[in-house]
Amino acid sequence: MKPVVNYILSGIAFSALLLAASCQKNFLDVPVQAQATAATDPNLAVNLVTGVYNSLYNSEAFGGAGGDIHGISFISATNIISDDADKGSTPGDQPSIGDIDNFNTTPTNNFVAALWDGYYSGISRANQALAALATASLPTATKNQLIGEVRFIRAYYYFNLVRFFGKVPKVVRVPTSAQDANDDPAFQTRAPVDTIYNVITQDLQFAIDNLPLRSRAAVGHANKGSAQALLAKTYLHRKNWQQVQALTQAVIQSGQYALVPDYSIIWRSAGNNNIESIFETQSGTFNNSDIAVGGYCTWQGPRVGPRGGWTDLGFGFCTPTQNLVDAYEPGDKRRASTIIVIDRSGRGVGTVLYDGFRIPSGDSVQNNYYNYKAYASENPAIEPFLGNRDRKQKNVRLLRYADVLLMAAEAANELGQTAAAITLLNQIRTRAGLPPTRSAGQAGVREAIWNERRFELALEHDRFFDLVRTGRAAQVMRAAGKNFVAGKHELLPVPSLQIQLSGGKLDQNPGY
Amino acid sequence: MGLFTPTRLSKTLSFALCLLWAVAAFSADKPISGIIRDASNKEPVIGATVRIIGTNVSTGGQNAGTVTDVNGRFSLTVPENATLVITSIGYKTATVTVGGQTELSIALEPSASELSEVVVVGYGTLRKSDVTGSTVTVKGEELAKQPVLTATQALQGKAAGVQIISSGQPGTSPVIRIRGTSTALAGTAALFVVDGVLTDDISNINTADITNIDVLKDASATAIYGARGANGVVIITTKRGVAGKMTINYTGNVGFRLPANLVEMANAVEYANYVSTASGSLIQPGSISTDWYDKILRNGFQQNHGLSISGGSDKSTYFLSAGYFTDQGIVIDNIYKRLSIRANNDFTFNKIVKAGISASYANGDNQIANLNTAYNNAYRAAPIIAAKENGKYGNTSVYQNVGNPVLDIEKNNNKAIDNRLLGSAYLQIQPLSWLTFRSNMGGDWINRNSRVYVYQFNNDTTTFINPGGNQRNPNSILSLDNTRIFHWTWDNLITFNRAFGKHALTALVGTTAEQYTLTNFSAFRRDVPATPSLWYINTGNANTSTNSGTGDKYARNSYISRINYNYNEKYLLTATIRADGSSRFPARNRWGYFPSVGVGWLLSNEAFMQGQRIFDVLKLRASWGRVGNDRVPSDSYTVTVQPNLAYPFGGGVATPGSAITQIKDPNLRWETTEETSIGLDFGALQGRLSGEINVYDKKARDLLINVKIPSVAGDADGVVLTNAASIRNQGLELTLNWRGRVSDDLTYRIGGNATLNRNSVIGLNGGQPILDGGIGANQQYTTRTDNGHPVGSFYVLQVLGVFQNDGDISSYVNANGQRIQPAASPGDFKYQDTNGDGRIDDNDRVFVGSYQPKAYFGLNLGVTYRSFDFSVDLYGNVGNQVYNGKRAFRQNVLDNIEKSMAYSRWTSANGSQTEPAANGGNLPPSTYFVESGSFARVNNATLGYALPAALTKKVFIESLRVFLTAQNVLTLQKFSGFTAELPGNPTSQGIELNAYPTTQTLAVGLNANF
């Protein structure tokens, strides 16, 4: 009977539909689209190592993901904080940087928070890469070299962290979850400074043992010399002069490095990865755009002033102090390639830079001096530039051979080898167009070396650490008119948010 | 009906009438069909019961009969000389003799109240009288008369418990919040169901095509949508054809929009005075005084035309429509156009099998104004700079580092074109009168292309009156973006519907499956020529080309069931349960179970109520339900590798790298909302008064929030999305409608609704307060979502007054005698040192209310006098706060000021305590920027006139109505800014920063039926 047939047919049809709709196997197992997971990336370990290098670019100073490793926060906490540079820009712009400059920093300072975030973000990338490398199927030598490179960068990050904050949490593994990080005291409490230095030393020793010499390493990668130089600098801060001497001599005698004759090209693209370079952030292009440390040049670029009339080059931060400008010896060639001097002669000639760019005279410019080392030409015929002002192609020089020579000099001097120290020091002075030092005696040569470091490495993120390391910070800062409190201002405050998030288990630095 | 009734095989009268009814022919009865309409408004009556009397027929224990469908239609096989009795709650019983008719058109006289309506309840319909949850129905015609783009916007003020927050920007959809805000970070959008297709956006739907909108408000009503129901459900039913004569309808209006409620800015002289004082250097006003808003705003043209054709036979019906909507907007260069086409068809193959489709196509073409920068810049730009002279722009950039807003708009060409096909098809098989199978397949295809072109211009005298500044674009930019979305849903349902004596039972079981896929691709090049015909990627400089693409995919699978039980038309029970599986959660938390139960008591049907003459209908309802929210990103629980973190070893082209930068919560689960609701529905005084009262208590728990974790854990943004917060909304809704009749010529109606809602975060469960609402460089956050306060509460410094002199400043000390604001000057704000530590910082902030209104209300009035009709709709909300973000953004001493600030600023002479001295902005977040958000607005006023039929019929027009309508006629607000109506995310809502200016619309229109 037809209706019955209809009834049965429809029943069957609907049963089939219901089943089809509900029982398709794995219908709900939808993989995440357009994003790889650790399981779906066949080249994970190697890619993660590149990602660790990429963290050298982190430069989010305002709470952005990844924090700040070499951006304005780094510039502020190394250069602006020192007697070599002022906050610059307009008085009202970024008062929190002004707080760093004037030692009014509070635990809520966003730039300080960005540094904490940035360095731990970088350390996390390193830990992730190390975890992936541990299980990666790569030839042992390759694997150890990659591990060495990652541990070099992790050591560099801890070295900056310990100098910024003193005691910091020792994090050398990847937490399995947020809960794991909350439960493990290592993530919540600050390890003693010695413990952190041990991490650094072990990481660098592994790197020294497993990385090739510069000539056998690919350009831009950490190599044996970079690890030796950084370990030397670590020992310099620990006043372990024998180790400083041994390591700097290893670098010097490796035959891989030399001073370049022309100081002025060191920070230009022409000087990228030159014979003097020990470790520097790389820059180039990616996805048809510039890639480099974010904002390094723009934050420090000359800024338009009241009269206007020109397209400025940046926000005008980190301006060299009059104190620095005045401190150079006459005839020091380094001054002209370190400091852009704005024309305030009233003759309206402006300032013509090496690439031909003319900055108008003072009434159109905000500040008196700018950091020449952070200048990147916008003329692509002079320096590579695809038009991304936020990522101008500037290699930030983190370790130079000149630094190694000065460390070697200092170690020699401290070990009583004053003549050897003077020889080393004079290599630097000669290149700078200066006569041999007239200083004599251990104390005099010590002062001379410290002083030479200031000019040789001016605005290269070394000065403040140097002052603290040598115990001169309070005296020099107060002389420069800053309200420096000894025993407090050698370190930055631990960000208050991080203290809150640890449930109060992170302690604060003295005085904050 | 008569399938198994051999006694009726003898009746053969109708055999020849309809060959298609082959199955029915075996029963030898006469098939008839018909439509039942409301006698007063001619609307189809849905769910009316049609019973056969005249012969004492019994069919499987039931009286022979049926119920009308959503189009008011029914089909029956009847014996000869049958008499039909049609009953429907709210209508007088009608008795009709079939006689020789096979197609009947029956009119029911309304008896009493709105409770008679049939409401769509999700996967089915119910008589309003049988509903135990909270739902509200709004007729399409109520919405279509307003000159606005979307039905949701027209819904504003029409329904209690439904808050609509609209921006007025062309081509955008308003935010809809049903019974408060009950999520912080997951999506807050209500679910829209258009003819069975689930979607989040209905801007493609022509309002004129809508029959009804049913809003399901409480958890017991939305539980049938389970994991999608937490924010309420808006069900849209579009029009379908009705068998009979072809009907052609044209409805259209033409008008214009104009800016309303503009904030008056200082003119050149006022500006120069203020800024000279603030900056301490003399500013000369000069001869130019630019009103920047005047330069970027205009009166915009708007039109809306709709043509529909409907009709059909007993085998098939059709509804075809085309609509064209243009909204120029009030910002220069802005225009939105929408073309929409709809075809709804139903086919009756035989007594058992029916099928139909609903298909709509919409093309939205949006020329978007570059509002984000331009509108803010217009507020800040100095009036002493010319906007544009002889084709050259005034250089506000070189003067004050603010872009020229006219140039912002004119040098950007931003266009978005949406093509969208949304439709569904169903197959329905009803083998027995009480059993229906229905399979519904819906699809939503979206193809969205956007194109942004930025012209090349330099900061030289080719473009500007004077050179310099940072507003320039040395290389032209073209970026194209294409997003394709396909979302299908497939429902398979079985409905049982039987009555046994005094028991009536409807049961539903079914499954649904859906899948969503999104594919995105974008491309970018510089140096693309300025000629629009060359705005394609290949004309640009290939050395600058970049591209990107992404995708998304998720699936859901659900099992649903519902029972509606009615005992003796007095006691009602509804119970539902839905099991939802979502791919967006890890396997162990993938399934969620969402039950609900509702009970109802029709007191008016009790014997003890029969004597009274006040209430026609009185119904008490109570319900409880649990619903979920799975609107979280699909990658929320999967640890992914971030690609393209490249590094150029040795310079040149970089090597791609990657990193694992996010910690994910592997235990992510559903947001769950539980709601208890009690309501009373009543109709009284012979249908003149009707209304309802609802109270609800809604607790949402396991809400997803970003929990901050220590940076050392290695999460790049320092937050992990996890289930931590709980939010509670408690409220009271009141709806009252009065229909009055003064004479046959003059009738009127008054409807009002009000909603009181209290929103509060009741637990963060280990999560940290959410700080949000940052404005500019200086105000990093202005809101705090924290325990015991509404979501997104403003959290700012308390202004105590203004320092009048140095003595005030030195005497402002804390308990220890520390000077609290030693650096202040007379004329500066005096802030409260809340924690008494002797300084003003973030720890001194206090909660000062939120954008969540304490109450909102709507009032709808209508009067009909002979051929004239007049209606007014009002809407308002009270008890909330808004933040004057434009004023807060002011960060440069050269930024313009509001005219009122020029005159009310503190001077030692006037001693103002509320307005500081002339200043350069950069003020901290404080109560100075927090203002009352209360407003009341006449949303719409419409006057219509129906031309005499005798006249129109001469030109073959059945009926013709002309009307004059005004949207946003009048707004009363305390807020000094542009608009207190500010859509946004829950945690940063109510900040006026780049809000589209409020507009008024005036339009004339006509509605003709042929």
inquiry  = Restricting to DSSP H runs of at least four residues, report the calculated mean residue ellipticity at 222 nm for chain B, -39500 (n - 2.57) per run over all residues, nearest 500 deg cm²/dmol.
reply    = -1500 deg cm²/dmol
key: Volume of the Cα convex hull of the protein assembly as shown, divided per residue and given in Å³   = 197
Per-residue Cβ neighbour rank within 10 angstrom, fewest leading, A:W299, B:W434 = B:W434, A:W299
inquiry  = Just to confirm my numbers, what's the Cα centroid distance between segment B:342-409 and segment B:171-232 in Å?
reply    = 24
message = For Cα pairs less than 8 Å apart in space and 6+ apart in sequence, what is the mean separation divided by the residue count of chain A, i.e. the relative contact order in percent?
response = 17
Nitroxide proxy distance, nm - points 7 Å out along Cα→Cβ at A:A440 and B:R819 = 5.6
task = Take every residue in peptide A:180-192, count the Cβ atoms of other chains within 10 Å of its Cβ, and give the average of those counts.
result = 2
inquiry  = Just want the ordering: B:S825, B:S634, from fewest to most Cβ atoms lying within 10 Å of their own Cβ.
reply    = B:S825, B:S634
task = Over segment B:784-839, calculate the relative contact order: mean separation of alpha carbon pairs under 8 Å at least 6 apart, over the residue count, as a percent.
result = 35
message = Can you work out the Karplus-derived ³J(HN,Hα) for every residue in segment A:123-137? Use 6.51 cos²θ - 1.76 cosθ + 1.60 with θ = phi - 60°, whole Hz, and x for glycine or proline.
response = 4, 4, 4, 5, 4, 4, 5, 5, 4, 5, 5, 4, 10, 6, 8
query = Taking every residue in B:632-642, how many Cβ atoms of other protein chains lie within 10 Å of its Cβ, on average?
reply = 5
ask   = Residue separation times 0.36 nm, minus the C-alpha to C-alpha distance between B:I693 and B:T550: what's the value?
value = 46.7 nm
query = In nanometres, what is the gap between the two model label sites at B:S276 and B:E103, each 7 Å from Cα along Cα-to-Cβ?
reply = 8.3
request  = Kindly flag which residue pairs out of B:K239/B:K502; B:K217/B:K699; A:K170/A:K394; B:K854/B:K886; A:K167/A:K488 have an alpha-carbon separation exceeding 23 Å in this structure.
outcome  = B:K239/B:K502; A:K170/A:K394; B:K854/B:K886
Rounded tilt (10° steps) of B:268-279 against the dominant C-alpha axis of chain B = 60
note = To the nearest 10 degrees, the tilt of helix A:241-253 (Cα long axis) against the first principal axis of the alpha carbons of chain A is 80
remark   = In this structure, the FRET efficiency calculated for A:D209 and A:N379 from their beta-carbon separation, with R0 = 56 Å, to the nearest 0.05, is 0.80
query = Taking 0.36 nm per intervening residue step and subtracting the Cα-Cα distance, what contour gain separates B:A622 from B:N390 on full extension?
reply = 76.5 nm
request  = Using a Förster distance of 45 angstrom, determine the FRET efficiency expected from the C-beta separation of B:K570 and B:K139, and round it to 0.05.
outcome  = 0.95
query = Zone of B:R484 (label point 7 Å along Cα→Cβ, backbone N under 19 Å): which residues in segment B:351-383?
reply = B:361-364
request  = Please sort by residue number the trypsin sites (Lys or Arg not before Pro) in segment A:214-296 whose DSSP state is loop and whose Cβ has at most 13 other Cβ atoms within 10 Å.
outcome  = A:K239
task = Work out from phi, with θ = phi - 60° and the Karplus expression 6.51 cos²θ - 1.76 cosθ + 1.60, the ³J(HN,Hα) of each residue of segment B:856-861, listed in order in whole Hz, and give x for Gly and Pro.
result = 9, 8, x, 9, 10, 10
inquiry  = Can you tell me the orientation of helix B:371-380 relative to chain B, as the angle in degrees between its alpha-carbon axis and the longest Cα principal axis, to the nearest 10?
reply    = 40
task = Output the relative contact order of segment A:286-394, whole-number percent, from Cα pairs under 8 angstrom with separation of 6+ residues.
result = 39
ask   = When a footprinting reagent is the concern and you count Cβ atoms within 10 Å, what order do B:K954, B:K699, B:K30 take, fewest first?
value = B:K954, B:K699, B:K30
request  = Counting other Cβ atoms within 10 Å, keep those with at most 12, restrict to DSSP loop, and tell me which trypsin sites (Lys or Arg not before Pro) in segment B:580-652 are left.
outcome  = B:R613
key: Nonlocal amide H pairs with B:I32, under 5 Å, H built at 1.01 Å   = B:L76, B:T77, B:V78
request  = Determine the gain in length on full extension of the stretch B:F496-B:T83; use 0.36 nm per residue of separation and subtract their C-alpha separation, reporting nm with one decimal.
outcome  = 146.1 nm
query = Near B:I563, within a Cβ-to-Cβ distance under 14 Å, what is the net charge of the other residues, with Lys and Arg +1 and Asp and Glu -1?
reply = +2
inquiry  = Using the basic label-point model (7 angstrom from Cα toward the beta carbon), what is the B:S959 to B:L943 distance in nanometres?
reply    = 2.2
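Read the figures in this text as sums done on the coordinates, not as results from a lab. What you see is a predicted model, and the numbers here were worked out from it, not measured in a lab. With ideal geometry, Cβ positions are generated from the backbone for all residues, glycine too; neighbour counts draw on all protein chains shown.
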